[in-house]
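Enquirer: Mind looking over this structure? Questions follow.
The values are calculated or read from the model by the stated rules, or taken from the named source; none is laboratory data. These figures come from a predicted structure and were not determined experimentally. Here the Cβ positions follow ideal geometry from the backbone for every residue, glycine too, while neighbour counts run over all protein chains shown.
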Amino acid sequence: MNAYHNTNRCPALRFRVRVAAALATLALLALTGCANWSYEQIRLGQSPKDYARILPAETSRKTALGLCHLSEDRLGHRDALVVLLANDRRVAGKLWARHFGRKWRLGGAERGFRLVGELDPELYGVAGSGPLDTLRAVAGELTDYRGEKLALDAHAWVAAGLVRLMQRWPGVRDSGVSSQRLDELLDLVPGGGTARLEIDDRGVYHLEYEQGRTR
C-alpha cells in the first residue's frame, strides 16, 4: 500500500501532517522574519490589489517611490524592505536589506549586512540606462526622500547596500548620492563584502551584497 493511499485512509494522520507542516512554516517565519516572507510574496509586475495587504501596516509606509517596511526582531536583526512602483503602481523593483549586530557580555561583537533585490528597468522607466546608472538613480532617489523617520531609515539601509555593492566594481566612484549623505551611509554598512549583479533573459536585474555574519 503506497504512502499516499495510507494517508488518505487515515484522517488522524492527515491532521498530524497538516499540523507538522504548519509548525514548520511558523518556525521558518520565526527564524527568517516577516520581511523575508513579504519579500518572497511581492513579485515584479504585481498590481496594487495583489500587494496591498502583504506588508504589515504598523511597520510599513507609503512614499512617493512606493512602499517601505522597517522592523527589528529579538535576535538583533534589523530588516528594511523597499518596493519601487512604476507609474501605473505596478511593482517595478523590490530591495531587502538585513543588518545584524550583536554585542557579547564579555566583550566583542558580531556585525553583518546583506542586500538582495530585483529590478525591472522597463517597468521602472530606465530601460535605456545601464545597470550601474540605474542603481545610482535608485540610490539617489532613496536618499533624496524627505519624510517620516521609519521611511527615512528604511531607505537609508537599502541605499547603503546599493552604494557598497557599486563600490565592488573597479573604477566606480559615483554612487549617485550626495557627499553628505554618502558618509552617513558608509557608517551604516561595512565595505569589502561580496557583490553580485546579473541580468536574466527578461532583462530583470538580480543583485546581492553580503558582508559578515547575517544569520
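Enquirer: Within the stretch 50-59, can you find the residues that are surrounded by 21 or more Cβ atoms within 10 Å (Cβ to Cβ) and either out of contact with any strand residue (DSSP E or B) (no Cβ under 7 Å at 6 or more places or on another chain) or in contact (Cβ under 8 Å) with a residue 40 or more places away in the chain (or both)? Lay out the reasoning, then the answer.
Expert: To start, the set of residues in the stretch 50-59 that are surrounded by 21 or more Cβ atoms within 10 Å (Cβ to Cβ) comprises 51, 55.
Correct list: Y51 only.
Enquirer: Check whether at least one residue in the stretch 117-132 is over 23 Å from E40 (Cα atoms), among the β-branched types (V, I, T) and out of contact with any Lys or Arg (no Cβ under 9 Å at 6 or more places or on another chain), and report yes or no.
Expert: Checked against the condition, which is being over 23 Å from E40 (Cα atoms), among the β-branched types (V, I, T) and out of contact with any Lys or Arg (no Cβ under 9 Å at 6 or more places or on another chain), the stretch 117-132 yields at least one hit.
Enquirer: Starting from residues that are of a type in the set (A, V, I, L, M, F, W, C) and part of a loop (DSSP other than H, G, I, E, B), keep the ones in the stretch 68-97 and report whichever is farthest from L152 (Cα to Cα).
Expert: Result: L75.
Enquirer: Could I ask something else about it? If we scan the stretch 149-163, do we find a residue that is surrounded by 13 or more Cβ atoms within 10 Å (Cβ to Cβ), of a type in the set (V, I, T), modelled with pLDDT of 90 or more and within 21 Å of A80 (Cβ to Cβ)? Talk me through it step by step, then tell me what you get.
Expert: First pass over the stretch 149-163, keeping only residues surrounded by 13 or more Cβ atoms within 10 Å (Cβ to Cβ): 150-163.
Within this subset, residues satisfying the condition of being of a type in the set (V, I, T) are 158, 163.
Restricting the remaining residues to those that are modelled with pLDDT of 90 or more gives 158, 163.
Adding the requirement that they be within 21 Å of A80 (Cβ to Cβ) leaves 158, 163.
The answer is yes; a qualifying residue exists.
Enquirer: Looking at (1) modelled with pLDDT under 90; (2) assigned to a loop (DSSP other than H, G, I, E, B), which one does Q180 not meet, given that it meets all the others?
Expert: All conditions pass for Q180, except number (2).
Enquirer: Would you tally the residues in the stretch 164-215 being farther than 17 Å from G112 by Cβ and either exposed (fewer than 15 other Cβ atoms within 10 Å of the Cβ) or of a type in the set (A, V, I, L, M) (or both)?
Expert: Final tally of qualifying residues: 24.
Enquirer: Still on this structure: Any chance you could count how many residues in the stretch 166-177 are farther than 9 Å from T143 by Cβ and in a loop (DSSP other than H, G, I, E, B)?
Expert: 8
Enquirer: Here's something else I'd like to know. Does T194 fit the bill of being without any contact (Cβ under 8 Å) to a residue 60 or more places away in the chain, touching a helix residue (DSSP H, G or I) at 6+ places or on another chain (Cβ under 8 Å) and polar (S, T, N, Q)? It would help to see each step written out before you state the result.
Expert: On the way: without any contact (Cβ under 8 Å) to a residue 60 or more places away in the chain: yes; touching a helix residue (DSSP H, G or I) at 6+ places or on another chain (Cβ under 8 Å): no; polar (S, T, N, Q): yes.
Here the answer is no, as T194 does not meet what is asked.
Enquirer: If I filter the stretch 65-86 down to residues being over 14 Å from the mean Cα position of the chain (by Cα) and modelled with pLDDT of 95 or more, which single residue comes out as surrounded by the most Cβ atoms within 10 Å (Cβ to Cβ)?
Expert: The qualifying residue surrounded by the most Cβ atoms within 10 Å (Cβ to Cβ) is L85.
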